[in-house]
1. Give the residues of region 609-635 that are open to solvent by 90 Å² or more (accessible area, probe 1.4 Å) and of a type in the set (S, T, N, Q), sorted by residue number.
2. Within region 100-119, is there a residue that is touching a strand residue (DSSP E or B) at 6+ places or on another chain (Cβ under 9 Å), in a helix (DSSP H, G or I), basic (Lys, Arg) and surrounded by 12 or more Cβ atoms within 10 Å (Cβ to Cβ)?
3. Listed residues 593, 575; which is assigned to a loop (DSSP other than H, G, I, E, B) and over 23 Å from residue 493 (Cα atoms)?
4. Return yes or no: is residue 448 modelled with pLDDT of 95 or more and assigned to a strand (DSSP E or B)?
5. Go over the candidates 438, 464 one by one and state the one that is part of a loop (DSSP other than H, G, I, E, B), among the small types (Gly, Ala, Ser) and open to solvent by 40 Å² or more (accessible area, probe 1.4 Å).
6. Find the residue count for region 141-152, including only residues that are open to solvent by 50 Å² or more (accessible area, probe 1.4 Å) and under 14 Å from residue 64 (Cβ atoms).
7. Mind counting the residues in region 550-570 that are touching a residue at least 60 places away in the same chain (Cβ under 8 Å) and not in a loop (DSSP other than H, G, I, E, B)?
Amino acid sequence: MRLRTSILALVFMFFFGCLGSQENSDEKNAILLRILVQGLQQAHFEPKEIDNDFSKSVFELYLKKVDVNKLFLTKKDYEKLKSYQYLIDDQVNGGTFQFLDLSYEILSNRISQVKTFYNEALADPFDFKENESMEFDFEKIPYAEDEEALKDRWRKFSKYYTLSRLYDLNVTSSDLSNEKKKNSFKENEAVAREKVKENFDDWFSRLEKLEKRDRLSDYLNAITGVFDPHTVYYAPKAKQDFDIEFSGKLEGIGARLQEKDGYITVESIVPGSASWRQGDLETGDRILKVAQDGEEPVDIVGMRIDDAVQLIRGKKDTKVILNVMKIDGLIQDIPIVRDIVIFEQTYAKSALIEEGDDRVGYIKLPSFYADFNASEGEGRRCAVDVRKEIIKLKGEGAESLILDLRNNGGGSLADVVEMAGLFIEQGPVVQVKSRGAAPLVLEDEDPTVYYDGPLIILVNSFSASASEIMAAAMQDYGRAVIIGSGNHTFGKGTVQRQINFDDVLRGYNEIKPFGSIFLTTQKFYRIDGSTNQLKGVKPDIALPDRYTFIDYGEKDLDYPIPWDEIRPADFNKSELSPEEIAAVKELSMSRVESNPKFQLVYENAENLKVQRDKTEYTLNYNDYKAERERLKKENEKFKALSEEIEGIEVFSLEVDRMEEEKDSVKLERAERLHRALKRDIYVDEALKVLDNLEET
């Protein structure tokens with residue numbers, strides 16, 4: 001989303017201008033803290049009082065950042081730090097860092113001590129016949145009572161990762177042919193311990209290099225995180241990584257990652273990227289290990305995200321193998337050949353779907369893209385591309401339309417407004433509210449309607465931001481039936497703006513760089529007055545998916561901005577009545593209940609819920625092996641969900657076929673889309689809903 005930054009820049013310039021020149025690092029840090037907090041209070045959409053409640057929240061969030069797994073701090077350490085629980089606000093206001101200094105000292109000492117714990121634990125063979133377990137939901141367990149308890153926690157932690165590596169080695173050995181020597185259990189156990197030790201050594205080598213400035217970044221992000229989960233401080237090095245990622249020049253796998261509960265977790269897949277094309281890596285996957293092609297894997301559980309990214313990122317055409325835990329608990333190796341984002345694959349693409357006598361147009365929109373740097377009239381924009389696809393589809397006999405916004409994470413606000421206008425005559429599309437200002441109603445002012453026939457919009461739990469605006473507007477107008485694989489969309493109703501401190505700081509070159517802040521400045525509201533924030537868009541027809549029984553979305557993040565509502569905009573509801581939607585919903589629900597594939601989806605969702613709720617893992621080899629093999633076997637039956645659906649035919653448009661015949665890459669992309677649509681039970685149900693709409 002694009003915003004003008006002049007007012008925000010003036011805010012920061014004012015505060016920078018009030019500061020005297022400071023040169024040493026402590027004084028520079030005090031300056032950084034002051035401008036960060038004052039900027040947040042002045043420019044954030046929903047500022048916080050810097051008081052005891054704020055102090056307690058920063059304290060808790062900071063400890064989650066630096067020791068989420070409770071593997072370093074003892075109860076005594078925690079109590080020492082807790083004495084500052086209600087003093088952080090005073091230190092923030094005073095520009096002092098006693099809490100940060102103490103935490104840095106304690107953590108540095110514990111890192112050195114813990115290194116001896118895992119070395120001792122890994123020195124001798126483990127007894128994997130013992131019936132013991134380890135809890136991995138660290139919110140359920142207290143801090144270690146003392147150093148002996150912490151030592152035992154590291155024994156179990158080391159044993160678990162040796163167990164995981166041992167199982168993989170034993171599986172590999174069992175797959176060897178009779179001519180090749182198979183290692184014994186004892187030999188594999190020794191190899192597993194050595195590999196875990198090497199990985200831990202690498203991890204602790206990085207931990208020992210952490211400086212106070214690294215902890216400062218964690219501390220400042222605990223402060224910004226209390227304002228909302230999307231307001232983030234980027235230290236100078238982190239800002240460079242951020243700029244590389246969003247310039248589209250990063251060569252790598254094309255997945256946005258986040259640290260969550262001690263794991264490096266996939267936040268989203270970049271459309272057109274290597275991961276997106278490979279297809280196996282999914283949002284919510286936890287990356288356990290990273291291996292370069294032909295090399296031993298490195299465990300990254302508990303690793304800082306910037307260190308993990310350095311292992312995953314790499315040159316074009318090189319291979320990385322990610323060992324991931326899927327959301328259903330299955331552990332899988334995913335090989336990905338690194339590449340740059342192929343932007344052609346991020347653009348809107350269409351197809352014709354035939355089921356029986358019906359010819360339906362289908363448009364897949366991976367993101368609300370727009371080239372903001374292109375000259376006027378140049379560059380690709382999604383609203384223009386979708387309009388072109390609609391015209392082509394109508395020209396080849398499409399009688400109805402499916403617009404697929406699943407996994408679309410958002411993008412250009414201007415294009416949402418223009419795209420909504422393709423389906424309505426004129427009127428408001430979204431309301432945008434800045435802090436302390438009246439809502440700005442963004443309207444479609446073009447009376448031309450490019451498509452006025454039956455319309456289905458597909459969404460899921462990963463449809464966010466601009467996708468939610470589009471779906472909400474079409475729902476409020478009654479212009480489309482919203483079909484969701486899940487109970488609601490992601491629920492992100494805020495917009496952020498990046499402010500580079502160095503760009504707005506006049507002078508002070510001797511103490512730059514300061515980094516930047518990604519700041520929440522606005523909130524979106526539907527034209528009916530409610531916001532998509534937290535609640536997302538509730539589909540007219542909610543179909544089951546694997547996340548049905550799992551909370552996923554904005555509300556699952558720390559300190560999200562709350563839901564609220566404002567006055568509705570003036571608009572005229574058109575087309576579908578509540579009664580018509582209720583009728584097609586009833587028919588859809590009846591079909592879903594008798595559809596074997598949707599029943600498999602329900603079963604998969606229930607299994608996933610059970611697996612996600614299970615947080616205690618066995619350290620007994622036979623029990624661990626039985627559980628891993630049970631999950632593999634159980635996963636086999638869900639492969640039926642990827643079988644082709646009878647009666648669905650998918651074609652490229654005639655004008656596109658001519659291009660595909662000349663370009664093998666375009667042909668392969670089209671065939672991949674067609675194969676996916678023939679297996680898509682949600683598209684199949686959308687086709688049946690369109691049939692019902694024609695009958696009502």
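The values are calculated or read from the model by the stated rules, or taken from the named source; none is laboratory data. As the structure is a prediction and not an experimental result, all values here were calculated from the model. Note that we place each Cβ from the backbone using ideal geometry, even for glycine, and neighbour counts take in every protein chain shown. Only protein heavy atoms, including side chains, enter the accessible area calculation; ligands, DNA and RNA are left aside. Shrake-Rupley method; radii C 1.70, N 1.55, O 1.52, S 1.80 Å.
1. 622, the sole residue that qualifies.
2. yes
3. Of the residues listed, the single one that is assigned to a loop (DSSP other than H, G, I, E, B) and over 23 Å from residue 493 (Cα atoms) is 575.
4. No.
5. Just a single option satisfies the conditions, and that option is 438.
6. 0
7. Residues flagged as touching a residue at least 60 places away in the same chain (Cβ under 8 Å) and not in a loop (DSSP other than H, G, I, E, B) within region 550-570 amount to 2.
Yes or no, residue by residue, for (1) open to solvent by 40 Å² or more (accessible area, probe 1.4 Å); (2) charged (D, E, K, R); (3) within 20 Å of the chain's Cα centre (by Cα):
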| site | (1), (2), (3) |
| --- | --- |
| 496 | no, no, yes |
| 522 | no, no, no |
| 528 | yes, yes, no |
| 531 | no, no, no |
| 537 | no, no, yes |
| 546 | yes, yes, yes |
| 552 | no, no, yes |
